[in-house]
Every structure is written in structure tokens, then in C-alpha cells.
1. Give the stretch 216-231 a look and list any residue that's modelled with pLDDT under 85, surrounded by 13 or more Cβ atoms within 10 Å (Cβ to Cβ) and not hydrophobic (A, V, I, L, M, F, W, C), or say none.
2. Look at Glu329 and say whether it is closer than 20 Å to Phe258 by Cβ, among the acidic types (Asp, Glu) and out of contact with any strand residue (DSSP E or B) (no Cβ under 6 Å at 6 or more places or on another chain).
3. Restricting to the stretch 34-59, what's the tally of residues that are within 17 Å of Pro118 (Cα to Cα) and either surrounded by 19 or more Cβ atoms within 10 Å (Cβ to Cβ) or out of contact with any strand residue (DSSP E or B) (no Cβ under 7 Å at 6 or more places or on another chain) (or both)?
4. Name, by its number, the condition in (1) in a strand (DSSP E or B); (2) surrounded by 13 or more Cβ atoms within 10 Å (Cβ to Cβ); (3) out of contact with any helix residue (DSSP H, G or I) (no Cβ under 7 Å at 6 or more places or on another chain) that does not hold for Gln109.
5. Return the only residue of Glu273, Glu335, Glu313 being under 24 Å from the mean Cα position of the chain (by Cα) and part of a strand (DSSP E or B).
6. Failed condition for Leu373, given (1) surrounded by 15 or more Cβ atoms within 10 Å (Cβ to Cβ); (2) under 19 Å from Lys279 (Cβ atoms), with all others met?
7. Please work out if Val62 is closer than 30 Å to Ala274 by Cα and surrounded by 14 or more Cβ atoms within 10 Å (Cβ to Cβ).
8. When you scan the stretch 24-33, do you find a residue that is crowded, with 17+ Cβ neighbours inside 10 Å, within 30 Å of Asn181 (Cβ to Cβ), β-branched (Val, Ile, Thr) and at pLDDT below 95, even just one?
Amino acid sequence: MAITINNTPATHSAAYNQIVFDVSSNNTANTGFNFLIDVYVGGVRVNRQLYPKQPGTNKLLVDLSPVIKNFVQYDFLNASAFFSYNTNSKAEYYVQFGEAYTDASGILQLYPDLARSPSSGSRYAYNAVFDFEDFSKNAYANLDVASGFVLQDSNMKSYCGPNQLKTVTYFAPNTSIFGPNVRVTQYDSAGVQLATNNQSITYSGTTYVYNINPKLVSGFSLNANTAYYIVNFYNNVGFSEVVLASYTIYVDNECSKFETYRLHWLNQYGGWEAFNFKKVSRQSIQVNRNQYRKMLPINYNTYDRLKTNYNTEIVDNIAVTSDWVSDTEAVGLRELFSSPVIWLERGVNDFVAVQVTETNYETKTYLNNSRALHNITANIEFSYNRYRQSL
């Protein structure tokens, strides 16, 4: 018996794209032959499947993403401190390949664990997906995986109020070293440097969440004149400092006569975006009722209730509106309308799950909108329903 692993996924993969293994065996001529595949996540076997070989070959080409993607979730609410290690948004997995075929008496015989991929350690799948034209086996490498990167949209300016949450998810592919150092440098509106603070991270892993809102950033107070600050992730290599990734936060101190609604959403790479909707908003409710009609009593009174509501369900909605948006913001906000996970920030450490109800989004720019500025309106619906009494 011999299993050969011909081709494997990259070390780092998006869980919602194909995770393909190519294996072969020299025993495929045996009666009732099947490849036996065991998937291990976190060191625990979570799935066992039998697959026949491809017709006319001794090979099997199999996509294991339908199994592995069930074991990735997301990390967001764990970012109440400055730094936290992602525990949910990735799956560490390996695969054992074996054989199964019937013996002379027709009984199925299993021969597991003949080949392992990787031979030691694990591969990593993340709560991410690449679009059809962007996906390849090495899609993460195309994002400069060698040195690390942030999983946010770098084309969209990030604004954050003094009491608002802002997280950055940093991807560090080298799991054998500790996490990168972090430097936060504050600047005023003229670009003059006001303060610099450093923080060392002593955790190892592949993805991290940094809470870089103004009240928690590296444990220091934000200067009153700070207009923006730059977060640099870096490592010291010998006597040199190597900046791995940078992210800029603009401090949003602008007052609005309308209530500000801040939404956070999961982007397609597994990072978190945030945006303030600062213009007029409108709250509404949708009421769904079920009724039955009571029997008319003898000697009834006018206050007797005949039509009676026995199930009243209330759905809360808010129509939120942005300020004028730039062309890059108009493109970046597309992901809000397609994201499966959205949070409404209502205060310090106070979040509620919501969803956007629109099923289409038109990407307007200055040129295709008759050279006019425009804003974005989104209708959000709370993920829970409220109910009234039944009498």
C-alpha cells in the first residue's frame, strides 16, 4: 500500500475558496477501492470520508473546503483590550490519507493514516474568500504574505471618534516567531509629529486583532491636537528595523446635529472595517400580527374584544445616511452591503448585531454621478425581533 501526495494547498488559505489536494495510490485496482480521508482541526479528527478515484487514473483531486470552513468563525468582541490573538477566525488543520477496499470475503477493510499533509505541524485556513478572478492557490502570497499585512481596505480612509472602537487585524505568516512590535505616531493637521509610543507583543500565531481606537491605542492618551495617527507593525532584524505594514487612523472630532451611527463589518479577507453614518437617520418599526376572532358573547358589551392579536412581532429598522463620500469610499462601502456579519456600535463596549436589508448597491463616483457629490443610505435591521403580549 502506498499513498502519494502529489499537490497540496498553500500553507495559508481562505476557508471559503477551494482547498485542493491531489493524491494517488498504487492499489486502485483492488475491488471496491476508495481513498480514505481524515480531516483534523486543532488536532482532533472532525471528518472521515471515502472517495473513489478519478475515472481512468489512480488519482483523486478533492476539495476539502466544505469541511474546513465549518470550523472558522470570527473575532471581534474579544478586542476590548489593546491586543488579542485571533482564536476563532482561523482553523489549524492537517489531513491523513489512507485506503479502503474489500477483502476476499467482501468485507470493507480500512487502512487509514498512510500519508499525512503536512508531514508535521498544520496548515491554516482563515475566515476569508477571494473573488473568482482573484483566487489562486497562492492568493495570500499575492497579498505579500511573506512580510505580513493588515486585512483592512487600504483604499478607504479610516475615521474614528475619541470614544469609538477601531480594530485592525494583522496577518503574520511566520508562526515560529513572536508577534510584531507596534509603534503609534501621532500628528497634527499640519503633519507635525506630536508623540510616538511603542509596544512589544509577546504572542505567537498567525493573526492578531489590535484595538487601535484613541482610548486604548498602546495604552497612552491621545494628544488633544492629534488629527491622525499611524500604526506601524515592525520587527527588529539585527540592528535594522523592518516595517511590515502601516495603517492610518483619522481622528473624527467633527460634531453633527444628527446622531452618529457607527457600523463595523467583516470584510472578505477576514478583517474588520468601520464607518460613521453622520447625517439624518430615521428609525421605524415593522409590525407583523396574527389574529383570531372570538365568539360573540350573549349580552355583549361594546368593549368586548372580538378580533384579538395573539402574536405581535416587531422588527426594528434604522435608515442611516453618510456624509459626502469619496470615490474610494464608495467602492469600499460595497462590502458593507454584502457582509454576513455587521455590528452597530452604540457605546463603549456596547454592540448589537444588525444586517443591511438592501439587495443591491450602485457604486456612484463623481464622474458617473453627473459630477455631483453624493452620500450613501443604508437600511439596517436588528437581528432580533421584539414581541408584545397576547391577551
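1. Once the filter is applied, which keeps residues that are modelled with pLDDT under 85, surrounded by 13 or more Cβ atoms within 10 Å (Cβ to Cβ) and not hydrophobic (A, V, I, L, M, F, W, C), the stretch 216-231 yields Ser218, Asn223.
2. Details: closer than 20 Å to Phe258 by Cβ: yes; among the acidic types (Asp, Glu): yes; out of contact with any strand residue (DSSP E or B) (no Cβ under 6 Å at 6 or more places or on another chain): yes.
Criteria met by Glu329.
3. Residues in the stretch 34-59 being within 17 Å of Pro118 (Cα to Cα) and either surrounded by 19 or more Cβ atoms within 10 Å (Cβ to Cβ) or out of contact with any strand residue (DSSP E or B) (no Cβ under 7 Å at 6 or more places or on another chain) (or both): 6 in total.
4. All conditions are met except number (2).
5. Numbers: Glu335 fails: part of a strand (DSSP E or B); Glu313 fails: under 24 Å from the mean Cα position of the chain (by Cα).
Being under 24 Å from the mean Cα position of the chain (by Cα) and part of a strand (DSSP E or B) holds for just one of Glu273, Glu335, Glu313, which is Glu273.
6. The number of the failed condition is (1).
7. Details: closer than 30 Å to Ala274 by Cα: no; surrounded by 14 or more Cβ atoms within 10 Å (Cβ to Cβ): yes.
So Val62 does not fit the description; no.
8. So far as the stretch 24-33 goes, no, none of its residues is crowded, with 17+ Cβ neighbours inside 10 Å, within 30 Å of Asn181 (Cβ to Cβ), β-branched (Val, Ile, Thr) and at pLDDT below 95.
The values are calculated or read from the model by the stated rules, or taken from the named source; none is laboratory data. In this text, all values refer to a predicted model and were calculated from it rather than measured experimentally. Positions of Cβ are generated from backbone atoms using ideal geometry, with glycine treated the same way; all protein chains shown enter the neighbour counts.
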